[in-house]
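Structure, as C-alpha cells:
Since every read-out is calculated from the coordinates, none of them should be taken as a lab result. Every value quoted in this text rests on a predicted model; they were computed, and no experiment measured them. Note that each Cβ is placed from the backbone with ideal geometry, even for glycine, and that neighbours are counted across all protein chains shown.
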Number of protein chains: 2
Amino acid sequence: MEPKVLVNPTVQEAYKMLRENLPQHKTILIVGNCWVHYVGRASSKLEPGERILIIKEDGSLLVHRSTGYEPVNWQPPGCIFQVKAEENILKIHALRRKPAESVNVFFDKIFLVSGLNLVDSGEFTLYASEEDMQKAILMEPSLVEDGFKPISYEKKVEPGFVDIYGVDKNGRFVVVEIKRKTAGKDAVLQLARYVDAVKAKVNHEVRGILVAPDISRGVQRMLSTLGLDYKTLNPKKCAEILKRSETKKLEEFFRKA
Amino acid sequence: MEPKVLVNPTVQEAYKMLRENLPQHKTILIVGNCWVHYVGRASSKLEPGERILIIKEDGSLLVHRSTGYEPVNWQPPGCIFQVKAEENILKIHALRRKPAESVNVFFDKIFLVSGLNLVDSGEFTLYASEEDMQKAILMEPSLVEDGFKPISYEKKVEPGFVDIYGVDKNGRFVVVEIKRKTAGKDAVLQLARYVDAVKAKVNHEVRGILVAPDISRGVQRMLSTLGLDYKTLNPKKCAEILKRSETKKLEEFFRKA
C-alpha cells in the first residue's frame, strides 16, 4: 500500500483529500486542532485541542485525545459523512439516522491527514481463563446441562473453594469443577473431595460435574467409578459468550455518551 | 506543532523514531501490517493484517482495525514499553504490572509512523437527557432525597406515565417528575395530576417531588400551595454519574478481552 499522507496541509488541501477518499470508504486519519459537538439522546461539547480523528471504512468515527484508552467522542458504524471547508475551517459532519445522532468535528489546524486502504483478514482469537469459564457458566448455566441452576460460586467447603455450586433440573445438588485445559486424574480427585464435603454438610445426594475442554486417558473410567459426570466445554466458546455480553455493555456505553 | 512523520520507513527507521519518541511520552501513531499477542488474565492472538496502532502519552495502547468502533487490542494507561528491531520485524512490547498483562505487537511492514506532541486542555462537557436523569436517579436514589427508594419507573397512571414512583424513608408513596430544564407551572400541574391519580388508586398519602435544575418565578409558591416538593438536580451531574458507571463497565470490558 502506498499511503496518501499530507503533512501540515492547508484546510483546502485536507478538504480535497477527504472529498476523494471518503466516498471510496478508505480509513481516514486526521491529526490536528479540533473541537467537537455531539447531539443525540444526550449532547456534548468538546473544546478545542489537538487530537486524532479516525474514520473507518464502515462509517464509524473515533476522536482520541492524547491520554486515556477511551475515545472522547465516537459513533458506531453506518455514519453518513459530509465535509465542508469554510472560512479556513474543515468541518466533518457524521450523521446517524437510527437513533438520530450527529457529530460535528471542526479543524482549524491540520498536522497530518491520511487516506488508508487497510487490508485485514486476520482472525482474532480470544482464549478464556478458568474464571472466565466460570462467568460464562453463571451467565448461561445450560453450558453445564439443561435445567442447571447455579446457587453460588467460590463456595468455601472444607478442602477449598467450589467453582460453582447449584441444583440440577431434578433439584439435586451439583458441584461443578472447571478446568481450562485437558483435565487429568487430579481434577477428578479434587471434584470427588468437594462432592464428599458437600454431601457431609447437606446430608443429601450431591452430583459432581467436571467441566473441561477435554479429559486425559483413563479419566472417563475414573469418573464413572466415582459416579461423577463430565461435560465438554471449550474456553474459546466461553470467551465468545463473555465477549458478546461485554460488547453489548460496550455498545450500551457507546450508544450513550 | 511540526509533526514527525515517516512514510514507508524501513523497520530500522521506524525503530529509531520510536526509541527517540517513546521516552519523551509522545503520542505514537503507526500504520502497517502487524500481528498481536496478548497474555494476561485471558490471552488472545490476532493474525497479521494492516492496522493502526496508537500509543498515548499516558502509556495506553490501542490497536484499531479498518472496521468497528472498538479496538481489537488495548491496554489501559501505565504500560511500560520496550521496542526491538530484529530480523526486519519491529516488536513493541507493552507491559502492565498490576494485573500482570502484556501485549506484543509485531510489524513487518510500516506505511506510516508519527511521533506527536498533542496539546490538549479542552474540556469535555456532557449534557444529559431526562431519560438519563431518570437512570441516574434509579442508580443513586439519594439524588432525590435520603432514604428514597424507587419502586418503578414509567409507571402508567391515568393521565400518563410517572417518571419515577417510590417510597420515602417514612414509607410514604412518592411520585417524581423530572425536567431537564427550568421547570415551569406546567410541570407542577403535571406532577399534581399524577399525585392525585396515584392517591385515588392507593388510597394513601402520596408525596410529589419535582426534580429539575431550576424552577421559574412563582413556581415555588405554587408547589407550596399544592403541598409538593422541589429538588434541584443538574442534568450534568446525572451525565457524570452515568458516565462514571458506564466507564466502569467499559473498564471491565477493557480489562478482560
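Can you list the GluC sites (Glu not before Pro) in region B:1-95 that are in a DSSP coil and have 12 or fewer other beta carbons within 10 angstrom? Working shown, then result.
Working: sites: B:Glu13, B:Glu20, B:Glu50, B:Glu57, B:Glu86, B:Glu87; in loops: B:Glu57, B:Glu87.
Of the GluC sites (Glu not before Pro), the ones in loops of region B:1-95 whose Cβ has at most 12 other Cβ atoms within 10 Å are B:Glu87.
What is the dipole size for region A:4-121, taken about its Cα centre, with +1 at each Lys and Arg Cβ and -1 at each Asp and Glu Cβ, in debye to the nearest 20? Provide the component values of the computation, followed by the final result.
Working: 15 positive and 12 negative charges, 55 e Å.
Here region A:4-121 has a charge dipole of around 260 debye.
What is the dipole size for the protein assembly as shown, taken about its Cα centre, with +1 at each Lys and Arg Cβ and -1 at each Asp and Glu Cβ, in debye to the nearest 20?
840
Lys and Arg at +1, Asp and Glu at -1: add these up for the other residues within a Cβ distance under 10 Å of A:Phe161 and post the number.
Net charge around A:Phe161: 0.
Quick one: putting +1 on the C-beta of Lys and Arg, -1 on the C-beta of Asp and Glu, what dipole do you get for chain B around its Cα centre, in Debye to the nearest 20?
The calculation lands at about 460 debye.
What FRET efficiency comes out for A:Glu47 versus B:Lys45 if R0 is 25 angstrom and r is the Cβ-Cβ distance? Round to the nearest 0.05.
Approximately 0.05, to the nearest 0.05.
What does the C-alpha gyration tensor say about the overall shape of the protein assembly as shown? Classify as rounded when a/c is under 1.5, otherwise prolate if a/b is larger than b/c, or oblate.
Working: a/c = 2.61, a/b = 1.03, b/c = 2.53.
Judged from the Cα gyration tensor, the protein assembly as shown comes out oblate (a/c at least 1.5, b/c at or above a/b).
Please check: in the Gaussian network model of chain A (C-alpha springs, under 10 Å), which one of A:Gly115, A:Gly208, A:Gly171 has the largest mean-square fluctuation.
Looking only at A:Gly115, A:Gly208, A:Gly171, the largest GNM fluctuation is found for A:Gly171.
Where does each of A:Asp214, A:Asp120 land when they are ranked from fewest to most other beta-carbon atoms within 10 angstrom?
Values: A:Asp214 13, A:Asp120 17.
Final ranking by Cβ density, sparse to dense: A:Asp214, A:Asp120.
Exposure proxy check: B:Met139, A:Met222 ranked by fewest other beta carbons within 10 Å?
Least to most surrounded, the residues fall as B:Met139, A:Met222.
7 Å along Cα→Cβ for the label point: how many nanometres lie between A:Gln220 and each equivalent label in the other copies, listed shortest first?
8.0
Gain in length, B:Asp108 to B:Asp214, computed as 0.36 nm per residue apart minus the alpha-carbon separation, to one decimal in nm?
Additional length available on full extension: 32.2 nm.
If each label sits 7 angstrom from Cα along the C-beta direction, how far apart, in nm, is B:Lys149 from its counterparts in the other copies?
Output for B:Lys149: 2.4 nm, nearest copy listed first.
Within region B:55-107, report the trypsin sites (Lys or Arg not before Pro) that DSSP leaves as loop and that have at most 11 other Cβ atoms within 10 Å.
Hits after loop and neighbour filter: B:Arg97.
Report, in degrees rounded to the nearest 10, the 0 to 90 angle that the Cα long axis of helix B:130-139 makes with the longest principal axis of chain B.
Tilt of helix B:130-139: around 90 degrees.
For A:Lys199, place a label point 7 Å from Cα along the Cα-to-Cβ direction in every copy; what are the distances to the other copies, in nm, shortest first?
Those separations, rounded to one decimal, come out as 6.6 nm.
Dipole of the protein assembly as shown (Lys/Arg Cβ +1, Asp/Glu Cβ -1, origin at the Cα centre): which of B:Ala42, A:Gly160, B:Val72 lies farthest to the positive side?
Going by the Cα projections, it comes out as A:Gly160.
On a straight-distance basis, which aspartates and glutamates could pair with A:Lys26 in a cross-link, Cα separation under 19 angstrom, same-chain partners fewer than 8 positions away excluded?
A:Glu2, A:Glu13, A:Glu57, A:Asp58, A:Asp120, B:Glu50, B:Glu70
Are any of the pairs A:Lys45/B:Lys91; A:Lys16/B:Lys91; A:Lys179/B:Lys84; A:Lys156/A:Lys237 more than 31 Å apart by Cα-Cα distance, and if so, which?
Values: A:Lys45/B:Lys91 38 Å; A:Lys16/B:Lys91 35 Å; A:Lys179/B:Lys84 36 Å; A:Lys156/A:Lys237 27 Å.
Table pairs above 31 Å Cα-Cα are A:Lys45/B:Lys91; A:Lys16/B:Lys91; A:Lys179/B:Lys84.
Can you tell me which aspartates and glutamates have their Cα less than 15 Å from the Cα of A:Lys185? Leave out same-chain residues fewer than eight positions away.
Qualifying aspartates and glutamates at Cα under 15 Å: A:Glu177, A:Asp214, A:Asp229.
To the nearest 0.05, how large is the calculated FRET efficiency for A:Lys199 and A:Glu240 if R₀ is 45 Å and r is the Cβ-Cβ distance?
0.80
List the GluC sites (Glu not before Pro) in region A:120-228 that DSSP assigns to loop (not H, G, I, E or B) and whose Cβ has at most 13 other Cβ atoms within 10 Å. Which are they?
A:Glu123, A:Glu205
Taking only DSSP H segments of four or more residues, each worth -39500 (n - 2.57), what value at 222 nm results for the protein assembly as shown once the sum is divided by all its residues, to the nearest 500 deg cm²/dmol? Before the final figure, lay out the partial values.
Values: 10 runs with 138 residues, N = 514.
For the protein assembly as shown, the value works out to -8500 deg cm²/dmol.
Remind me, relative contact order of region A:4-121 in percent, using alpha carbon pairs under 8 angstrom and six or more residues apart?
Computed over region A:4-121, the figure is 36 percent.
How far, in degrees from 0 to 90, does helix B:235-256 lean away from the longest principal axis of the Cα atoms of chain B, to the nearest 10?
The two axes meet at around 40 degrees.
Restricting to Cα pairs below 8 Å that are 6+ residues apart, what does the relative contact order work out to for region A:156-195? Please round to a whole percent. Can you show the working numbers first?
Values: 34 pairs, mean separation 15.6, N = 40.
For region A:156-195, the relative contact order is 39 percent.
Shielding of A:50-62 by partners, i.e. mean partner chain Cβ atoms within 10 Å per residue?
Mean number of neighbouring Cβ atoms from other chains: 5.
From other protein chains only, count the Cβ atoms within 10 Å of every residue's Cβ in B:109-117, then give the mean.
Average neighbour count from other chains, rounded to a whole number: 4.
Assuming a ≥ b ≥ c are the square roots of the Cα gyration tensor eigenvalues, decide whether region A:4-121 counts as rounded (a/c under 1.5), prolate (otherwise, with a/b larger than b/c) or oblate.
On the way: a/c = 1.37, a/b = 1.14, b/c = 1.20.
Taking the square roots of the gyration eigenvalues as a ≥ b ≥ c, region A:4-121 is rounded.
Just to confirm the number: angle between the C-alpha axis of helix A:185-202 and the first principal axis of chain A, 0 to 90 degrees, nearest 10?
Result, in degrees: 70.
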